[in-house]
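For reference, the structure discussed in these notes is given below.
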Amino acid sequence: MNTINKSHLTWLRLITLCLSFLLAGQVQSATIQPGDLLSVDLAGEQSLSKPFSVDRQGRVSLPEIGRVSLSGLSEQQAQQKLQSAFQSVFKDTRQLRVRILRQQKIVSVRGYVNSPGEYTLSRQASVQMAIHAAGGLRRGAQLDKVQVTRDNKTSIFNYKQYLDTGNRQLLPQLQSLDAIFVPSSPMTGNVEVEFNPADIVNAGDVANDSQAIKVFGEVNRPGSFAFQASRDIVDLLMGSGGVTRYADVEKIRVITSGKPAIFNLKAYLDTGKQKHLPPLQAGTTIFVPKQEEAIKSGGNMVYVMGEVAHPGAYESQAGATFMDILANAGGPNRFAESRQIRIIKGNGQIVPFDLTAYTEGGAGRKPPTVGPGDAIFVPEKTDMNEKSWLKVTPNRAVRVIGQVVRPGRVEWSNEMSLLDLLAHVGGPSSKADTNNIEIVIPQATGNNQVVNFDLNAFIRNGRKDSELPAIVAGSTIMVHELPVDPSDNKSQWVRQASNKSIYIFGQVGAPGRYMFSNEMNFLDILSAADGPTDKADLRNIRINHRDNARKGVSKLDLAMYFETGDESLLPRVKTGDTIYIPEKNRLWLDQTKESTVRVIGAVNKPGRYRFDDTMTILDLLAESGGTIEDAYIENITVVNVSCCQDQARSFNLKEFTYTASFNDLPVLRAGDTVYVPYRRESGFETFRRGLNDVVKIVALGALIGL
């Protein structure tokens, strides 16, 4: 029993300890502090996909809603606050989640440090890590009185004692928004000093003495030196740390007793003769100039300028080639435009050279000959972020304008193709009309050639690069813009050519002019115009073909196409054609009287109607809205048109309703006329009106007789 109780007690302690650690970690990690990096996620919102940092005021700057204060809140509390804040922007914010990506704190480090400023450190960062982030301590920093300011309260700690003992308990725990200040101190015991006695000796052994020898210029450690008869100028240069790599060692100035002289250190080192050493005395001044300050000239000099590692003048030896001189200058650097190197000859002639093509083994490309007095110029490559026309002359550039990602003037090489050029400018944009790219190519005669290029057809047919238009420097590429919205196509008429458009008139939702390619069919065009209206006559559509090879007018029975699905009924429409869809209730304007049937008299909608062999007089009366109440349907007249003479037949519609004998229906043809008389025009109605008049007269006579 004791063993069981002890084991149970041990497990309970372990579980309690684990829960305490988890709860403590959860509370600590879930509290948002200035400097923390937060993740605000909402499904489908790309603007919230990046991390957001908490500023000094404990606020987070979020898209759409601006700054929101979250300092001191837990992740759950911050999530609820942002869900409420985003409700004015998004419909559903229930899926919004807030999480602390990284716990950080903002600490400012000032005073005697190499890089004072404000730094964002991890939540566990110590004072030493903050000072390290500020570049470390400067010479003269007082280490025993470093200050930490928090909430306008300043405390002092001994940082030097921590460095001496390594006791971390001596360092204060930093919090976000703390400020560390490292003061300066004149006390040697508390100052961090890098002391090297050799530096003092080599920097000169005289402070302010007019009799000292002064060495300055392109030396590593300028200084003043006491005059000693055993010292020569080489000793003094070595005491100054030697000359720098920029020193002009051939023209060192030496001023003694007010008389200047030139000392050639290179000549002395080449020959070792003492006669090259100038005499020195107390008060002598030695100046080592920069190499750039000395003009190198001479009959054997070749000048290398521009984007090379070491530009300057180089002495050309007999047999030295272009590659030798360029290599001697360190070669082109990473900013060099190696395709546009220029050799400026002594007589003023300009020789271009493409170093890149030469290194790639271009046939017939050889380095130019370089002689004394020539200059090699390596230009800087054009940056896409800069205006290329500032550095690239028009005679070696191509202009790309219109709907591309980066329109502008691009440096051109004959090794490039039109596809290379379009790729260089980022390719056509989503609004580009790639079926009609216009290219203006200058000719040797001084005129320009205009070429229309269909990029879509080129890619779709898998054609070769040799079939691309030949671009030369000075060309202009124009990528046109597609209409923004077919329903607003009128605003785009100025931008689209008429020979690239299709016209559609009549009974459609949006008549007008539309830009299309020849690959589109009739249904594409009709759909873009919002389709036919309810008044459209689908059986009598007209297409006017304006192409020289297909001039003329073709008819389309679109209703028949929808009934049969026969694709051969649809006409081949190309750009420049005109489509007209007439109104079905205005046949007298669109069709001749010989192709229709006239319905007149006592009907609801008299007029001219289209008639075919499948229809009867009943269909025609139904299409005209039926007879009116006053119609005399017992004697409907049908006038037939024949080759020899016109014939008239009567039809009793009332009797047909009793017999339903379709054999009694009169035969109709296109051009006939159907007349439905009014009842008042019938013989019985005439007799009835006459009898009524007689009755009235007799009645009147009877009254008079009375």
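Given (1) surrounded by 16 or more Cβ atoms within 10 Å (Cβ to Cβ); (2) in contact with a Phe, Trp or Tyr (Cβ under 7 Å, 6 or more places away or on another chain), where does I65 come up short, assuming only one miss?
(1)
Taking the condition more than 20 Å from S210 (Cα to Cα) and either hydrophobic (A, V, I, L, M, F, W, C) or surrounded by fewer than 15 Cβ atoms within 10 Å (Cβ to Cβ) (or both), does I252 pass?
Yes; evaluated as a whole, the condition is true for this residue.
Would you be able to say whether some residue in segment 113-122 is assigned to a strand (DSSP E or B) and over 17 Å from G35 (Cα atoms)?
yes
If we scan segment 226-235, do we find a residue that is within 60 Å of the chain's Cα centre (by Cα) and under 16 Å from G283 (Cα atoms)?
No, that holds for no residue.
Considering only segment 74-91, how many residues are assigned to a loop (DSSP other than H, G, I, E, B) and of a type in the set (F, W, Y)?
1
Could you look through segment 601-640, keep only residues that are among the small types (G, A, S) and in contact (Cβ under 8 Å) with a residue 60 or more places away in the chain, and pick out the one that is nearest to T659 (Cα to Cα)?
Per the criteria, the residue is A602.
Got a sec? Which of D324, D248, D270 is without any contact (Cβ under 8 Å) to a residue 24 or more places away in the chain, more than 30 Å from T359 (Cα to Cα) and among the acidic types (D, E)?
The conditions single out D270.
Yes or no, residue by residue, for (1) of a type in the set (K, R); (2) surrounded by fewer than 16 Cβ atoms within 10 Å (Cβ to Cβ); (3) outside the structural domain of A473 (by TED's automatic domain parsing):
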{"position": "A320", "(1), (2), (3)": "no, no, yes"}
{"position": "L326", "(1), (2), (3)": "no, no, yes"}
{"position": "R339", "(1), (2), (3)": "yes, no, yes"}
{"position": "N347", "(1), (2), (3)": "no, yes, yes"}
{"position": "P352", "(1), (2), (3)": "no, yes, yes"}
{"position": "L355", "(1), (2), (3)": "no, no, yes"}
{"position": "T359", "(1), (2), (3)": "no, yes, yes"}
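Any residue in segment 124-151 that's over 20 Å from Q104 (Cα atoms) and touching a residue at least 12 places away in the same chain (Cβ under 8 Å): show its pairings with residues that are hydroxyl-bearing (S, T, Y) and in a strand (DSSP E or B) at Cβ separation under 9 Å, as long as the two are six or more apart or on different chains.
Close Cβ pairs (under 9 Å, with a partner that is hydroxyl-bearing (S, T, Y) and in a strand (DSSP E or B)) amount to R138/S184; G140/S184; A141/S184; Q142/S184; Q147/T154; Q147/S155.
Of the numbered conditions (1) closer than 21 Å to R396 by Cβ; (2) in a loop (DSSP other than H, G, I, E, B), R463 fails exactly one; give the number of that condition.
(1)
The rows are residues; the columns are (1) more than 19 Å from L177 (Cα to Cα); (2) among the charged types (D, E, K, R); (3) under 34 Å from the mean Cα position of the chain (by Cα); (4) assigned to a helix (DSSP H, G or I).
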| site | (1), (2), (3), (4) |
| --- | --- |
| G72 | no, no, no, no |
| T93 | yes, no, yes, no |
| I100 | no, no, yes, no |
| H132 | no, no, no, yes |
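Output yes when any residue across segment 141-152 is charged (D, E, K, R), within 43 Å of the chain's Cα centre (by Cα) and more than 30 Å from E64 (Cα to Cα), and no when none is.
no
Would you check if there is a residue in segment 666-688 being acidic (D, E), in a helix (DSSP H, G or I) and modelled with pLDDT under 80?
Yes, because at least one residue in segment 666-688 is acidic (D, E), in a helix (DSSP H, G or I) and modelled with pLDDT under 80.
Starting from residues that are in contact (Cβ under 8 Å) with a residue 40 or more places away in the chain and among the hydrophobic types (A, V, I, L, M, F, W, C), keep the ones in segment 305-321 and report whichever is farthest from F377 (Cα to Cα).
A320
The values are calculated or read from the model by the stated rules, or taken from the named source; none is laboratory data. Quantities reported herein were computed from a predicted structural model and do not represent experimental measurements. Counting neighbours? That spans all protein chains shown, and the Cβs are built from the backbone with ideal geometry, glycine included.
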